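Trainee: This structure is in structure tokens; I'll ask about it shortly.
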Amino acid sequence: MNSGKLVSSDITVNLLKNRLLEDPKAFYLLDGFPRNKENMDVLKKICKNLVNIVELIYIETSDETMMERLTKRAGEAEVKREDDKEDVQKNRIEVFKKESLPVVEMMEKKKLLCRLDGNKTAEEVYEQCDQHMKEKCMGKYKVHEKPAEVEAHAEAHPNAEAHPNAEAHPNAEAHQAEVEAAA
């Protein structure tokens, strides 16, 4: 992860499966997952009928905006992280283009894609996502974060890695998947 590479699919999917089994009727919004075709394949293999992907929410953000946010985060951080280096940040964006955009394109072909404008402020992106989720989930969606927490998350994770704990983080800079656990 420090080099800008992704967490292994097996680790991420097994953590996800454990969470899904805790509440198999729940509706989940996953930050940055599935991130690549391998994630999709491993998800199908390990979770079988436990997961039904109903939509991928792609928060489309320009390279320039991502680099500005990453640079700002790195500059404001009290503790410098290995992945705050500019070359790692640029690599993270390239990995996203190479591995994640094909998933976005695949979901678009299946008509399971929602594009949101990630170049807006964190609050505006949150509002777009919140509104879409309320419409799409027809009352099954509950907000687990307040907008101020979303702003803090956006600053801390401007190009968020996969969050295997499957908590709702509606302001990832890359993309997010909305997953409904099968009843």
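Trainee: For the stretch 43-97, which residues satisfy the criterion of being over 21 Å from Thr121 (Cα atoms) and touching a strand residue (DSSP E or B) at 6+ places or on another chain (Cβ under 7 Å)?
Mentor: Leu43, Leu50, Val51, Asn52, Ile53, Val54, Glu55
Trainee: Test Glu78 against the criterion of being assigned to a loop (DSSP other than H, G, I, E, B) and either out of contact with any helix residue (DSSP H, G or I) (no Cβ under 9 Å at 6 or more places or on another chain) or touching a residue at least 24 places away in the same chain (Cβ under 8 Å) (or both), and give yes or no.
Mentor: When the stated conditions are applied, Glu78 passes them.
Trainee: Answer yes or no as to whether Tyr141 is at pLDDT 90 or above, more than 18 Å from Ser62 (Cβ to Cβ) and surrounded by 14 or more Cβ atoms within 10 Å (Cβ to Cβ).
Mentor: Details: at pLDDT 90 or above: no; more than 18 Å from Ser62 (Cβ to Cβ): yes; surrounded by 14 or more Cβ atoms within 10 Å (Cβ to Cβ): yes.
For Tyr141, the condition - at pLDDT 90 or above, more than 18 Å from Ser62 (Cβ to Cβ) and surrounded by 14 or more Cβ atoms within 10 Å (Cβ to Cβ) - is not met.
Trainee: Please indicate, with yes or no, whether at least one residue in the stretch 87-100 is among the β-branched types (Val, Ile, Thr) and not in a helix (DSSP H, G or I).
Mentor: No, the conditions are met nowhere in the stretch 87-100.
Trainee: Is it the case that Ala77 is farther than 26 Å from Asn39 by Cα, among the aliphatic types (A, V, I, L, M) and at pLDDT 85 or above? Can you show your working first?
Mentor: Values: farther than 26 Å from Asn39 by Cα: yes; among the aliphatic types (A, V, I, L, M): yes; at pLDDT 85 or above: no.
In short, no.
Trainee: List the number of the failed condition for Gly118; all other conditions in (1) surrounded by 14 or more Cβ atoms within 10 Å (Cβ to Cβ); (2) at pLDDT below 90 hold.
Mentor: (2)
Trainee: How many residues does the stretch 2-56 hold that are under 30 Å from Asp84 (Cβ atoms), acidic (Asp, Glu) and not in a helix (DSSP H, G or I)?
Mentor: Matching residues across the stretch 2-56 total 1.
Trainee: Would you check which residues across the stretch 105-115 are surrounded by fewer than 17 Cβ atoms within 10 Å (Cβ to Cβ) and in contact with a Lys or Arg (Cβ under 9 Å, 6 or more places away or on another chain) and list them? Quick ask: steps written out before the conclusion?
Mentor: Here is the first cut: in the stretch 105-115, the ones surrounded by fewer than 17 Cβ atoms within 10 Å (Cβ to Cβ) are 105-106, 108-112, 115.
Selection gives Met106, Glu108.
Conditions (1) closer than 28 Å to Tyr28 by Cα; (2) in contact with a Pro (Cβ under 6 Å, 6 or more places away or on another chain); (3) loosely packed, with under 15 Cβ neighbours inside 10 Å, marked per residue:
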site	(1), (2), (3)
Leu56	yes, no, no
Thr61	yes, no, no
Arg73	yes, yes, no
Lys85	no, no, no
Lys90	no, no, no
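The values are calculated or read from the model by the stated rules, or taken from the named source; none is laboratory data. These figures come from a predicted structure and were not determined experimentally. Using ideal geometry, Cβ is built from the backbone for each residue, glycine included, and neighbour counts are taken over all protein chains shown.
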